[in-house]
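Worksheet: the structure to be examined is printed underneath.
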Amino acid sequence: MEVTEGWYLVLGALLFIIGGIGLLLRRNPLVMLMCVELMLNGVNLTFVAFSRILGDVAGQTVVFFVLVVAAAEVVVGLGIVVAIVRRSPGATADDLSVMKG
Amino acid sequence: MIDLIVFLVAAAICLVGAVGVVVARNPVHSALMLVMTLFGIAVHFVAQEAHFLAAVQVIVYAGAIVVMFLFVIMLLGVDVHTKLDLGGLKGQRVAAAAFGVVGLGVLVFLMTRVEDGITSQPAGTPIDPNTPDINQLAHSLFDQYVFAFELTSVLLIIAVIGAVILSRKPRPELEESQGGES
């Protein structure tokens, strides 16, 4: 058997699905952020696979921007998590429902 | 043949790591499983001749982002005895199951329907197999997408300022004294 590019697309989709399931299931905000990273990495793998399929280097460039957005997202997300947990220790994502007006 | 072995091993590493992130009870274990997945993806990048991206993946993701996760976990303190608390909000488990089923369904549907591959022509800079990928990436990034590149710097500055403001401890006595003076 030969490894075709479609296999990478399938793996990227699987990573995206696992990350999405984890994002919906887990309540620890840190683990939820990690699941978002999983989803982004699935997308990155898909971009690189398409870059190879289409013979277009732009797909690899987009991965750069995804990296930057992921870094910014993690910085702000962890800042929010630290601010929340400092206020109420042991808080989960569900406890934020007290913010509902 | 070696391609197949590399793909299968790296894919197994990726998937085991991804499932580990979701099911690990201890957040530290989740972070380490995330490193495992990121390394697997870096191997896939190498297999697809995106060598520079593989290096960036290891340096930025496994080196910086996961370390930041671990730093925050240690800062907040790890509660080892936490249960695998799943789906507190009503309907969240149902939503997760629905997401998984629909996603897998779409995936299987696409796998069965798309047989002859993707045939459309590229619109951007075609890959030249003779020049290194880092050169081509640089040309693409600084020629074609330079505006988006500049915008990412704005995004990063905003993120840094936001993180500083979010994580700054309020000092009420200082603010009160300043308010009294003014």
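Overview of results
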read-out: Matching option when the condition is within 24 Å of B:Val160 (Cβ to Cβ), in contact with a Gly (Cβ under 9 Å, 6 or more places away or on another chain), in a helix (DSSP H, G or I) and small (Gly, Ala, Ser), among A:Gly59, A:Gly19, A:Gly79; value: A:Gly79
read-out: Filter result for A:Val43 (more than 7 Å from chain B (Cβ to nearest Cβ) and in a helix (DSSP H, G or I)); value: yes
read-out: Complete set of residues in segment B:109-131 that are of a type outside the set (A, V, I, L, M), loosely packed, with under 14 Cβ neighbours inside 10 Å and at pLDDT below 70; value: B:Glu115, B:Asp116, B:Gly117, B:Thr119, B:Ser120, B:Gln121
read-out: Members of segment B:37-48 found to be more than 7 Å from chain A (Cβ to nearest Cβ) and either crowded, with 17+ Cβ neighbours inside 10 Å or of a type in the set (Asp, Glu) (or both), listed by number; value: B:Phe39, B:Gly40, B:Ala42, B:Val43, B:Ala47
read-out: Unique match (being open to solvent by less than 40 Å² (accessible area, probe 1.4 Å) and modelled with pLDDT under 85) among A:Val98, A:Val57, A:Val31, A:Val85; value: A:Val85
read-out: Helices (runs of 4 or more DSSP H) (entirely within segment B:1-108) containing at least 2 residues that are over 30 Å from B:Asp133 (Cα atoms) and either modelled with pLDDT of 90 or more or under 16 Å from the mean Cα position of the chain (by Cα) (or both); value: B:2-23, B:27-47, B:66-76
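The values are calculated or read from the model by the stated rules, or taken from the named source; none is laboratory data. From a predicted model like this one, the values you see are computed outputs, not experimental measurements. Glycine gets a Cβ as well: all are built from the backbone with ideal geometry, and neighbour counts include every protein chain shown. Accessible surface areas use protein heavy atoms only, side chains included; no ligands, DNA or RNA. Shrake-Rupley method; radii C 1.70, N 1.55, O 1.52, S 1.80 Å.
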